[in-house]
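Heads up, the thing below is written out as structure tokens.
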Amino acid sequence: MTSEEQAMLELARIWAPYGGARPGDILVEFGMSPASYYQNVTRILRTVAIWNLPIAERHLIEECAARYSAQPISL
């Protein structure tokens, strides 16, 4: 896992109990939209590198990611 992937997962882990990271924080920290960020987080969660993440935290992060992927894109 790269250092950027670790940082993405850490932000997701910290903010998952509160409904996910704020869009402004995601943009400033990683330069991407919440949808792109959570697509990356979902990809990271599918790797072997995160097996030490508690299952409850993993589920919270997955729920946040699912919420952002289900939102319509505004033009």
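Nothing in this text is a laboratory measurement; each read-out follows from the coordinates by a stated rule. What you see is a predicted model, and the numbers here were worked out from it, not measured in a lab. Reconstructed Cβ throughout: ideal geometry from the backbone, glycine too, with neighbour counts over all protein chains shown.
Which chymotrypsin sites (Phe, Trp or Tyr not before Pro) in segment 17-58 pass both tests, a DSSP loop state and at most 15 other beta-carbon atoms within 10 Å? Here the chymotrypsin sites (Phe, Trp or Tyr not before Pro) that fit, given the DSSP loop and packing criteria, are W51.
Taking every alpha-carbon pair within the chain, the share separated by more than 21 Å comes to 17 percent.
Dividing the summed -39500 (n - 2.57) terms of all DSSP H runs of n ≥ 4 by the residue count of the chain sets its mean residue ellipticity at 222 nm at -20500 deg cm²/dmol. On full extension, the segment bounded by W51 and E10 gains 13.4 nm, given 0.36 nm per residue less the C-alpha separation.
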